[in-house]
1. Restrict the check to the stretch 82-95 and report whether at least one residue is modelled with pLDDT of 95 or more, of a type in the set (A, V, I, L, M) and under 19 Å from Gly165 (Cα atoms).
2. Test of understanding: among Ala72, Ala123, which residue is aliphatic (A, V, I, L, M), under 25 Å from Pro241 (Cα atoms) and modelled with pLDDT of 95 or more?
3. Please enumerate the residues belonging to the stretch 20-43 that are in a strand (DSSP E or B) and either open to solvent by 30 Å² or more (accessible area, probe 1.4 Å) or free of Cβ contacts under 8 Å to residues at least 60 places away in the same chain (or both).
4. Which residues, counting only those in the stretch 155-174, are among the small types (Gly, Ala, Ser) and in contact with a Pro (Cβ under 8 Å, 6 or more places away or on another chain)?
5. Please state which one of Gly165, Gly137, Gly106 is open to solvent by less than 50 Å² (accessible area, probe 1.4 Å) and closer than 25 Å to Ile233 by Cβ.
6. If you check Gln69 against the conditions, is it open to solvent by 60 Å² or more (accessible area, probe 1.4 Å) and within 24 Å of Lys23 (Cα to Cα)?
7. Checking the structure you have, find out if any residue of the stretch 181-192 is in contact with a Lys or Arg (Cβ under 9 Å, 6 or more places away or on another chain) and either buried (at least 16 other Cβ atoms within 10 Å of the Cβ) or of a type in the set (D, E, K, R) (or both).
8. Can you tell which of Arg101, Arg122, Arg153, Arg143 is exposed (fewer than 15 other Cβ atoms within 10 Å of the Cβ), under 29 Å from Ala72 (Cα atoms) and not aromatic (Phe, Trp, Tyr)?
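The values are calculated or read from the model by the stated rules, or taken from the named source; none is laboratory data. No experiment lies behind these values; they were computed from the predicted model shown. Cβ sites come from the backbone with ideal geometry, for glycine too, and all protein chains shown count toward neighbours. In case anyone asks, the SASA skips ligands and DNA or RNA and just uses the protein heavy atoms, side chains included. Shrake-Rupley method; radii C 1.70, N 1.55, O 1.52, S 1.80 Å.
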Amino acid sequence: MKTMRTPVLAMLLLAATGTSYGKTFQFAGEARTPGGEVLYTEHHEVGGECTQGRFRPLDHRVEYREPGQNEAFADKVLRYQRSPLQPEVNFNQPRFDESLRISYPGDDLIEVDWQMPSGETRAFNVPLEGRAVVDAGFDNLVRRNWSALQEGRSVKFRFLGPTRGELYGFILEPSDHPDLKAHLEVAIRPTGMLLRFLVDPIQLGYNSQGALTHYLGLTNIRKNTDTNYQAHIRYNIASYPECELTP
């Protein structure tokens with residue numbers, strides 16, 4: 001009887017809290033150079049739950065593949081149990097012997113372990129402060145501020161530079177880029193004067209359902225040991241979760 005009652009009890013508890021399992025969110029992207037050459041493809045699978053009618057991501061897996069290939073040359077796993085804005089990250093790029101791990105040993109600390117292409121390793125402990133966003137947490141930041149961005153307002157936050165071991169000031173703001181045709185277009189740019197000269201804004205496009213359809217800017221995939229690819233990634237949605245992505 002216990003094995004029969006436990007699932008029923010779990011379902012009742014989930015219903016009582018307004019939480020249920022959500023269908024997997026799946027999408028794929030094709031990264032191209034400004035000249036149109038396909039560099040690689042991305043394949044995303046996000047598992048989560050529906051809470052009060054809204055999708056909350058829990059686990060996000062990404063495979064990076066050469067065009068037309070099924071084998072991944074790099075992969076990333078994100079876990080959002082702590083926060084949709086601050087995932088744990090496990091990124092591997094074997095062709096350059098590179099790996100990156102981001103974890104949270106305490107409530108107010110980010111731990112970064114980076115194995116560099118040179119063979120060296122670096123470790124950082126970064127104090128959590130302000131509205132901190134890590135890695136793909138920016139995607140959930142956009143959805144959390146969907147109405148404000150649609151109304152033309154901007155959002156300030158601090159973004160982790162994992163290979164620098166520091167949180168930097170950034171702003172998320174409405175944009176209108178000629179290469180993006182999207183329901184909502186936003187840009188992410190640094191607020192500090194020095195970074196503004198060194199780092200180009202990242203341009204993002206979203207459809208009316210809150211799914212990312214365009215990414216234009218610096219990627220996390222290496223061109224060589226010194227530089228990463230700049231690319232325009234266009235995403236196609238394979239399946240949506242059973243609840244809304246935006247409020």
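1. Checking the stretch 82-95: at least one residue is modelled with pLDDT of 95 or more, of a type in the set (A, V, I, L, M) and under 19 Å from Gly165 (Cα atoms).
2. Details: Ala123 fails: under 25 Å from Pro241 (Cα atoms).
Of Ala72, Ala123, the one residue that is aliphatic (A, V, I, L, M), under 25 Å from Pro241 (Cα atoms) and modelled with pLDDT of 95 or more is Ala72.
3. Residues of the stretch 20-43 in a strand (DSSP E or B): 20-32, 38-43.
Across the stretch 20-43, the qualifying residues are Ser20, Tyr21, Lys23, Thr24, Gln26, Ala28, Glu30, Arg32, Val38, Thr41, His43.
4. Within the stretch 155-174, the first condition is being among the small types (Gly, Ala, Ser), and the residues that meet it are 161, 165, 169.
The answer is Gly169, and nothing else.
5. Gly137
6. Working: open to solvent by 60 Å² or more (accessible area, probe 1.4 Å): yes; within 24 Å of Lys23 (Cα to Cα): no.
Spelling it out, it is not the case that Gln69 is open to solvent by 60 Å² or more (accessible area, probe 1.4 Å) and within 24 Å of Lys23 (Cα to Cα).
7. Just the residues of the stretch 181-192 that are in contact with a Lys or Arg (Cβ under 9 Å, 6 or more places away or on another chain), to begin with: 189-191.
If we keep only those that are either buried (at least 16 other Cβ atoms within 10 Å of the Cβ) or of a type in the set (D, E, K, R) (or both) too, we end up with 189-190.
Looking for residues that are in contact with a Lys or Arg (Cβ under 9 Å, 6 or more places away or on another chain) and either buried (at least 16 other Cβ atoms within 10 Å of the Cβ) or of a type in the set (D, E, K, R) (or both), one finds at least one in the stretch 181-192, hence yes.
8. Details: Arg101 fails: exposed (fewer than 15 other Cβ atoms within 10 Å of the Cβ); Arg153 fails: under 29 Å from Ala72 (Cα atoms); Arg143 fails: exposed (fewer than 15 other Cβ atoms within 10 Å of the Cβ).
Just a single option satisfies the conditions, and that option is Arg122.
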